[in-house]
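Below you'll find the structure, written out as structure tokens, and then a few comments.
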There are 2 protein chains.
Amino acid sequence: MGIIVQKFGGTSVGSVEKIKNVAERVIEEKQRGHDVVVVVSAMGKTTDQLVVMANEISDYPNKREMDMLLATGEQVTISLLTMALLEKGYDAVSYTGWQAGMTTESVHGNARILKIDTERIERPLKEGKIVVVAGFQGITEDGEITTLGRGGSDTTAVALAAALKADKCDIYTDVTGVFTTDPRYIKGARKLQSISYDEMLELAQLGASVLHPRAVEYAKNYSVPLEVRSSTEREPGTIIEEEVSLEENLIVRGLAFEDQITRVTINGLSNSLTGLSDVFTTLAKHHINVDIIIQSFSDERTNLSFSIKSNDLKEAMEVLEKNKSLFPYEKIETESGLAKVSIVGSGMVSNPGVAAEMFAILSEEGIQIKMVSTSEIKVSTVIADSQMVHAVESLHETFGLSHSTVRA
Amino acid sequence: MGIIVQKFGGTSVGSVEKIKNVAERVIEEKQRGHDVVVVVSAMGKTTDQLVVMANEISDYPNKREMDMLLATGEQVTISLLTMALLEKGYDAVSYTGWQAGMTTESVHGNARILKIDTERIERPLKEGKIVVVAGFQGITEDGEITTLGRGGSDTTAVALAAALKADKCDIYTDVTGVFTTDPRYIKGARKLQSISYDEMLELAQLGASVLHPRAVEYAKNYSVPLEVRSSTEREPGTIIEEEVSLEENLIVRGLAFEDQITRVTINGLSNSLTGLSDVFTTLAKHHINVDIIIQSFSDERTNLSFSIKSNDLKEAMEVLEKNKSLFPYEKIETESGLAKVSIVGSGMVSNPGVAAEMFAILSEEGIQIKMVSTSEIKVSTVIADSQMVHAVESLHETFGLSHSTVRA
């Protein structure tokens, strides 16, 4: 039997009672004969409470100190879970991110893992201990505490599974698996038995909050089989792996949607060779994620539109205005109150009519498409957020996701 | 101007508002031109709350995991205080115990500092930054998080002051200085202007909770001048240094008292050469602190009495019974409900009648003395805890501590 990495999120460890339940799930896996590494998040609302305290002190708390503050959340969980495992008679030991050898880049608030020195974890595993690791956090080469940003504990779990050559990484969460679309909003949503990394990646990046995209990327790159499953129910979850069983090979496998989107249009950008790259390099340097990009040329000037998360708008505008000398432009227009709706499925590669079908469905429902972006297995549209749920329901029904072709 | 180390305890940093006030006190010192290093404890009741969670999981939480858990408390405070300093426009940076190079021995819950690598702190100090360090915690050579036990933040502060060759270490607390005895219980208690390390050490070890004895020891060994002062009032505190001004050289300078004492008597201990040492080595190995020791010989057997804290009694009895083969004895008697009352003063060295005077006062008040222990500058008596406050009041009055000879 090999190594299994289990990851439990904040809701699953939200109270002492829930931590004891998690200990049971961990022990079940251990009893099956596996070596078990557990990655946990901060308890329930802990992170939010820490952020509130920081905001009572500063509107813009220093990012290094914020990482110092937030890293305590997972440290509390690992010690309590380890105590619970010991109490139930299982040998266990906890490690913070820096103890577990999670070296990250030198960025606070959103660092990426550079390498993992697994020696510290492998020794106790060999001694039969359950190893409990703090998710979401790491350390720079200079010994500074960093955090991995939203969903970082997923990334910790998958990166550890890859580094330890684990058989599998189980992501325990408050849903029972990956659904064709978000069941909290769309009644007909159904659980998928399996899904490919690429499909999951598109779904994850498009706002399906089950699994963090960086974690899926990591899993794909290192071929780590993932399973998304419930921390309370015992039913099988959704397997994420390279090959997906044929009978499920629907053209459209899932639908993702997210609101709080803003379109930014830079009018009259100079047509210099480096203009475009300067804009997006500058935004990236300030960690503003740009999603859909549309460009149109005129004779001498370019109009450039892109979408960002609405709460990045203030910083994006400041950055663009401060760096106007680097990429001169005439003016900037913005439109908030937008949403993105996307269809995902690896079957699209060989079926060129899918995008056209999507546009036709939206048009029939009277929904105006403001931006479009496509990849081999995805079509995204930006529409008014007031029409988001209606758009998803129509697409979900028309592409056959509401019916029994997808096994529940 | 040199380096000043400031230490703020849990009450002083008990809320976000109080942390902002602490930032003001830190900035005042910085504005006087000093390099400032600040050591802080966990916020108010944080440690207690963490202990409650641990106890919901286990009656005897694993000590390594307990250190992992408790170390988060100070980490929260250092980040919030540093944010507050930055918000007020002062450059500052926080370090955990392990980042600050606090290497301790490999004992969980009560580790001693072995060495401090100050490089990480000196660099930002030279750049003009205020350095905020987590008290109470350290790291072993193997990278395990440890805590220093009760009052550990005092020790962190003094040890840092010694390692950095600081001009002074200011211990900010919720009292305005060191008093002749505990003013919460004894109305006539008066603040001392200064006191010697040895006197403070005796007072601290005897339960005057102002300052941790290990911190005073450290300060004495490295000649670090200490000042105990209020974190809210601006008045001068009590200076602790080698030489004490003559006008204050009372014979008895302070009175300490503590309840929750238990006497343990081992009857019929074999008179082997190693018997005594075996008993106390065994107790020490289990981190049970023994205070007063009294021994009486008969022809072949020894009776041995010693005092311990009442809440160590259960573990002490288990240890003594388990190791009976190592030091055979007839039986063990215990007496709880006791208190220790002590007089301290360096003037006693040249004044042999002080102990006798103390016994006479207690005897006049009808108080039975159950154990006695003396050092060059201290006389301790163990009495019934119901008589403790009355004994202290009588001694405080008779030794002249209630009057104006001690400057307030």
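The values are calculated or read from the model by the stated rules, or taken from the named source; none is laboratory data. It should be emphasised that the depicted structure is a prediction, and the values quoted were computed from it without experimental measurement. Note that we place each Cβ from the backbone using ideal geometry, even for glycine, and neighbour counts take in every protein chain shown. Keep in mind that these areas ignore ligands, DNA and RNA; they rest on the heavy atoms of the full protein, side chains included. Shrake-Rupley method; radii C 1.70, N 1.55, O 1.52, S 1.80 Å.
Before moving on, here are some points about what is shown:
- Close amide H contacts of A:Gly14 (hydrogens built in the peptide plane, cut-off under 5 Å, sequence separation of 5 or more or a different chain): A:Gly44.
- For the range B:255-398, with all protein chains in place and a probe radius of 1.4 Å, 48% of the accessible heavy-atom surface sits on carbon or sulfur.
- Closest approach to the axis - chain B beta-carbon, rotation onto A, Å: B:Thr72, 2
- Positive dipole terminus of chain B, leading residue within B:Ala166, B:Leu201, B:Thr176 (C-beta point charges): B:Ala166
- Average 1/r across all pairs of distinct alpha carbons in chain B, invert it, and you get the Kirkwood radius: 22.7 Å.
- When A:Tyr185, B:Tyr95, B:Tyr60 are compared by accessible area of protein heavy atoms, the largest-first order is B:Tyr60, A:Tyr185, B:Tyr95, using a 1.4 Å probe.
- Förster radius 22 Å - calculated FRET efficiency between B:Ser15 and A:Lys63 (Cβ-Cβ, nearest 0.05): 0.40
- Label point 7 Å beyond Cα along the C-beta direction, distances from A:Lys285 to other copies (nm, shortest first): 6.4
- Under a 5 Å amide H cut-off, with hydrogens placed 1.01 Å from N, B:Lys168 pairs with B:Val5 among residues at least 5 apart or on other chains.
- Shortest-first distances to equivalent copies, position B:Val349, nm, label 7 Å out along Cβ: 8.8
- Here the average projected area of the convex hull drawn through the C-alpha atoms of the range A:3-174 stands at 9.1 nm².
- Average beta-carbon neighbours from other chains, 10 Å sphere, peptide A:59-66: 5
- In Å², nearest 10: area of A:Cys169 left accessible to a 1.4 Å probe: 0 Å²
- Over the protein assembly as shown: helical MRE at 222 nm, DSSP H runs n ≥ 4 each giving -39500 (n - 2.57), nearest 500: -10000 deg cm²/dmol
- Here's the picture: charge each Lys and Arg Cβ at +1 and each Asp and Glu Cβ at -1 in chain B, and of B:Ser363, B:Val392, B:Pro61 the one pushed furthest to the positive end of that dipole is B:Pro61.
- Computed accessible area, A:Arg214, all protein chains, 1.4 angstrom probe, square angstrom: 50 Å²
- Each residue of the range B:8-22 was assigned a 3J(HN,Hα) from its phi angle through the Karplus curve 6.51 cos²θ - 1.76 cosθ + 1.60 (θ = phi - 60°); the sequence is 10, x, x, 5, 5, 10, x, 8, 4, 4, 5, 5, 5, 5, 4 Hz, with glycine and proline shown as x.
- Inter-centroid distance (Cα atoms) of the range B:68-133 relative to the range B:258-321, Å: 39 Å
- Net charge of neighbours whose Cβ lies under 11 Å from the Cβ of B:Leu401, counting Lys and Arg as +1 and Asp and Glu as -1: 0
- Rounded to 0.05, the FRET efficiency of the B:Ala384 and A:His287 pair, given R0 = 56 Å and the Cβ-Cβ distance, is 0.25.
- Gyration tensor (Cα) of the protein assembly as shown, equivalent ellipsoid semi-axes in angstrom: 63, 33, 20
- Using a 1.4 Å probe over protein heavy atoms, the accessible area lost on pairing A with B, summed over both chains, comes to approximately 3300 Å².
- Positive minus negative residues near A:Val107 (Lys, Arg vs Asp, Glu; Cβ under 11 Å): +1
- Here the 3J(HN,Hα) profile of the range B:149-156, calculated from phi with Karplus coefficients 6.51, -1.76 and 1.60 at θ = phi - 60°, is x, 3, x, x, 5, 4, 5, 3 Hz, Gly and Pro shown as x.
- Placing +1 on the Cβ of every Lys and Arg and -1 on the Cβ of every Asp and Glu, with nothing else charged, gives the protein assembly as shown a dipole about its Cα centre of roughly 20 debye.
- For chain B: relative contact order, % (alpha-carbon pairs under 8 angstrom, 6 or more apart): 14 percent
- Pairwise FRET efficiency - A:Thr398 versus A:Glu376, Cβ, R0 = 25 Å, nearest 0.05: 0.75
- Label-point separation, B:Arg32 to A:Glu24 (7 Å along Cα→Cβ), nm: 5.9 nm
- Note on A:Glu235 and B:Ser296: their simple-model spin labels are 7.7 nm apart, each label 7 Å out from Cα toward Cβ.
- Extension gain, A:Asp278-A:Asp167: 0.36 nm per intervening residue step, less the Cα-Cα distance, totals 35.7 nm.
- Position B:Ser325: other-copy label points at 8.4 nm, ordered by increasing distance, label point 7 Å along Cα→C-beta.
- Within chain B: Cβ-based charge dipole about Cα centre, in debye rounded to nearest 20 (Lys, Arg +1; Asp, Glu -1): 580 debye
- Projecting the Cα atoms of B:Gly10, B:Ala92, B:Ser346 onto the charge dipole of chain B, computed from C-beta unit charges around the Cα centre, puts B:Ala92 farthest toward the positive end.
- If only the Cβ of Lys and Arg carry +1 and only the Cβ of Asp and Glu carry -1, the dipole of the range B:255-398 around its Cα centre is close to 440 debye.
- Beta bridges per DSSP with both ends in the range B:3-174, % antiparallel, nearest 5: 25 percent
- Carbon + sulfur, % of accessible area of the range B:47-203 - ligands and nucleic acids excluded, 1.4 Å: 46 percent
- Taken one residue at a time, the phi angles of the range B:222-234 give Karplus couplings (6.51, -1.76, 1.60, θ = phi - 60°) of 9, 6, 8, x, 10, 10, 8, 8, 7, 7, 10, 7, 9 Hz. Gly and Pro are set to x.
- Each residue of the range B:129-215 gets 134 Å³ once the volume of the Cα convex hull is shared out per residue.
- All C-alpha pair distances within the range A:100-252, sorted into 10 Å bins from zero, spread as 11, 38, 33, 15, 3, 0 percent across the bins.
- Rolling a 1.4 angstrom probe over the protein heavy atoms with all chains in place gives the range A:255-398 an accessible area of 49 Å² per residue.
- Subset of A:Lys30/B:Lys63; A:Lys30/A:Lys126; A:Lys322/A:Lys370; A:Lys309/A:Lys340 violating a 18 Å alpha-carbon distance limit: A:Lys30/B:Lys63; A:Lys322/A:Lys370
- Around the amide H of A:Val38, modelled in the peptide plane, lie the amide H atoms of A:Gln6, A:Val131, A:Val132, A:Val133, all under 5 Å away and 5 or more residues distant in sequence or on another chain.
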